[in-house]
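Undergrad: There's a structure below that I have some questions on.
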Amino acid sequence: MGPKEFIPVEEARSIIASKAKTLPPVILPIEKTLGLTLAEDVYAALDIPAFDQSSMDGYAICLGDISDTLPLQGVIPAGSVQQVELIKKHAMRIFTGAPLPLGADTVLMQEKVSAGPAHIRIENRQIEKGTFVRPRGSEIKKGELLLQKGACLSAPLLGLLASIGLPKVSIYPSPVTTIIATGKELQNPGNALGFGQVYESNVYFLSAALRQCFAPEIQILYAGDELTIVQKNLALALETSDLVLLTGGVSVGDYDFVRRAADLNGIECQFHKVRQKPGMPFYFGTKGNQLIFGLPGNPASVITCFYEYVLPAIGLIMQESGLNRLSDAILKEDFRKVEGLTQFLKGKVENGIVTILPAQESFRLRSFAQANCLVCLDEQRLQYEKAEKVTIRLLPV
């Protein structure tokens, strides 16, 4: 069966989801795993704390030996590496985080005693055994399931992994990605524009959006409007990349070479056009488990197609469900959409109510400065009413 053209949005989404395979797990140092997903259960290799520990600056005692006055035996600072034994009917000066001496079971808060150079006097003997002591394993016990496979590694969770002495962990990696910009009219910011040129913005958006979703390995290539260069750069990208994003050149004009270059590189076209606005000329192909997206050239179309299709695919590759953020909202005003197409509109949602913003044309970026969501209006509908519930895609902030 040949590639599909002018397919509905839901079919395009389904095809992409069926082809987006999770990358094999890799082991990385924990400092490089922020935002990534665990590929295995993590069990504690030791008790935390690994010893009975003082939770307060004060005096370590054995409650059974308590009397009004106790001689001082010495001092145990935090970080002490020597195991000390408490002499019966004595007290030891101790600090927060320090190991409790053998024979001690309670810490007296320093504010609750009168201390001299060689003795302490206990002012109030209403004390419970175990006060201000963190027993060994009270936080985490050796062999305990600490984190389950599928957990997204936040900053606090990285701290938790470090606290059990784990230097590396198995995670689902982010895809190695190549961006290929086509179009001889493109000029990089900072250079003067010649007649007929426009500043390149798609590469800047895609690079930033990819880094925002934890895909730091990004190669950027420029291909102009020559089939041989597009073909060569695409072949180069396929040597190393899990994901290839091309911008421009996906329509059927004389200088639109993405489809032909993909065919020449042995890429299987899954679909080419989608019944949507913006972004109707939208290519998706595969080569093995590699995903190749041909995005339109208009900036707003690139942004829309990235968030609607590419980002959810990255979520499947990385086993990160948080990248596909769909929700519902109430429409603030009536809206009449284009007929026969799914329409993605820049919107702003506040307190569950969404406003469709002006300047929706595919070449206009300015309204994305106010947008925090895309409003998805169904292909089969024409008129939407005020206060109606609609589906929105929340944009990353």
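Here, each number is a calculation from the coordinates, and none is a lab measurement. Model, not experiment: these values are computed from the prediction. As a convention, Cβ positions derive from the backbone with ideal geometry for all residues, glycine included, and neighbour counts pool all protein chains shown.
Undergrad: State, to one decimal in nm, how far the label point of Phe51 lies from the label point of Glu11, with both points 7 Å from Cα in the Cβ direction.
TA: 6.9 nm
Undergrad: Fewest Cβ neighbours within 10 Å first, please rank Glu379, Glu239 accordingly.
TA: Fewest to most other Cβ atoms nearby, the residues stand as Glu239, Glu379.
Undergrad: Can I ask one more? I need the fraction of alpha carbon pairs in the stretch 109-265 separated by more than 26 Å, rounded to a whole percent.
TA: 58 percent
Undergrad: Ok, one more. At what distance in nm do the modelled label points of Ala162 and Gln126 sit from each other, each positioned 7 Å from its Cα along Cα→Cβ?
TA: 4.2 nm
Undergrad: Placing +1 at every Lys and Arg Cβ and -1 at every Asp and Glu Cβ, with all other atoms neutral, what dipole size does the stretch 53-134 have around its Cα centre, in debye to the nearest 20?
TA: My answer is approximately 60 debye.
Undergrad: Same structure, new question: Fewest to most neighbouring Cβ within 10 Å: what's the order for His272, His90, His119?
TA: Listing His272, His90, His119 from fewest to most nearby Cβ atoms yields His119, His90, His272.
Undergrad: Compute the length gained on full extension between Lys184 and Ser327: take 0.36 nm times their separation in residues and subtract their Cα-Cα distance, giving the result in nm to one decimal.
TA: Contour length minus the Cα-Cα distance gives 47.6 nm.
Undergrad: Tell me, what is the Rg over Rh of the stretch 53-134, with Rh the Kirkwood radius over Cα pairs?
TA: Value, to two decimals: 0.91.
Undergrad: Report the Stokes-Einstein translational diffusion coefficient (µm² s⁻¹, integer) for the stretch 326-394, Rh taken as the Kirkwood radius over Cα pairs, at 25 °C with viscosity 0.890 mPa s.
TA: Estimated diffusion coefficient is 206 µm²/s.
Undergrad: In debye, nearest 20, what is the charge dipole magnitude of the chain about its Cα centre with +1 on Lys and Arg Cβ and -1 on Asp and Glu Cβ, if you could check?
TA: I would put it at about 200 debye.
Undergrad: I've got another one for you. Take the Cβ-Cβ distance between Ser18 and Ala208 as r, set R0 to 35 Å, and report the resulting FRET efficiency rounded to the nearest 0.05.
TA: Computed FRET efficiency for Ser18 and Ala208: 0.80.
Undergrad: Please identify the GluC sites (Glu not before Pro) of the stretch 279-358 that satisfy two criteria: DSSP loop assignment and at most 10 other Cβ atoms within 10 Å. Which are they?
TA: Glu339
Undergrad: From the cross-link list Lys184/Lys332; Lys277/Lys389; Lys19/Lys232, which pairs have alpha carbons spaced over 32 Å apart?
TA: Violating the 32 Å Cα-Cα cut-off are Lys184/Lys332.
Undergrad: One-quarter of the Cα convex hull surface for the stretch 93-147, in nm²?
TA: 5.4 nm²
Undergrad: Another question about this same structure. Trypsin sites (Lys or Arg not before Pro) within the stretch 1-93: which are DSSP loop residues with at most 16 other Cβ atoms inside 10 Å?
TA: Answer in residue order: Lys21, Lys88, Lys89.
Undergrad: Which value, in debye to the nearest 20, gives the size of the charge dipole of the stretch 271-397 about its Cα centre, when Lys and Arg are +1 and Asp and Glu are -1 at the Cβ?
TA: 260 debye
Undergrad: Now, a different point. Can you list, bin by bin at 5 Å, the percent of alpha carbon pairs in the stretch 14-64, starting at 0?
TA: Per 5 Å bin, starting at 0, the Cα pair percentages come out as 4, 10, 13, 12, 12, 10, 10, 6, 8, 5, 4, 3, 2, 2, 0.
Undergrad: If you bin the C-alpha pair distances of the chain every 10 Å from 0, what whole percents do you get?
TA: For the chain, the binned pair fractions read 5, 18, 21, 16, 11, 9, 10, 8, 3, 0 percent.
Undergrad: What's the extension gain from Ala192 to Ile27 if we count 0.36 nm per residue and subtract their Cα-Cα distance?
TA: Residue separation times 0.36 nm, minus the Cα-Cα distance, leaves 54.8 nm.
Undergrad: Okay, moving on. Taking the simple approach of a point 7 Å from Cα along Cα-to-Cβ for both Thr228 and Thr240, what is their distance in nm?
TA: Going by the 7 Å Cα→Cβ label model, 2.4 nm.
Undergrad: On to the next question. Any lysines with Cα under 24 Å of the Lys88 Cα? List them, leaving off those in the same chain fewer than 8 positions away.
TA: Counting by Cα, and skipping residues close in sequence, Lys88 has these lysines nearby: Lys112, Lys129.
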